[in-house]
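Report on one structure; see the data block that follows.
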Amino acid sequence: MMKEKTFKLDDSTIKFLDSCQEYGFQEPSEVVIIALQKLQLVLEANKLQESATLYAEIYENDGELQELTEAGLEEWLKE
């Protein structure tokens, strides 16, 4: 179910949305939906990257965790 949301845009953005059919879109809402979906994917990817970087830093500074990981890898390779 689609819901409505009202927001303000500057003149250049309105002009772009008004010409959305030139880019293959049926209506301006399609442009907004796709743009927001892409932004959401970028933000989620950035969040995952930050998390991965943090885990890598923790791993790099934790010798006990490295040993545990190596032991687990050795066991896995034996199977």
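The values are calculated or read from the model by the stated rules, or taken from the named source; none is laboratory data. No experiment lies behind these values; they were computed from the predicted model shown. Neighbour counts are summed over all protein chains in view; Cβ atoms, including those assigned to glycine, are modelled from backbone coordinates with ideal geometry. The area values use the complete protein model at the heavy-atom level, side chains included, leaving out ligands, DNA and RNA. Shrake-Rupley method; radii C 1.70, N 1.55, O 1.52, S 1.80 Å.
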(message) Quick test for you: out of Gln49, Gln21, Gln26, pick the one residue that is under 30 Å from Thr69 (Cα atoms) and open to solvent by 100 Å² or more (accessible area, probe 1.4 Å).
(response) Gln49
(message) If I go through region 4-17 residue by residue, how many of them are within 15 Å of Ala35 (Cα to Cα) and in a helix (DSSP H, G or I)?
(response) 4
(message) Cβ-Cβ distance below 8 Å, separation of 6 or more or different chains: which pairs start in region 6-17 with a residue that is closer than 12 Å to Ser29 by Cα and end on one that is open to solvent by less than 90 Å² (accessible area, probe 1.4 Å) and outside any helix (DSSP H, G or I)?
(response) Leu17/Leu9
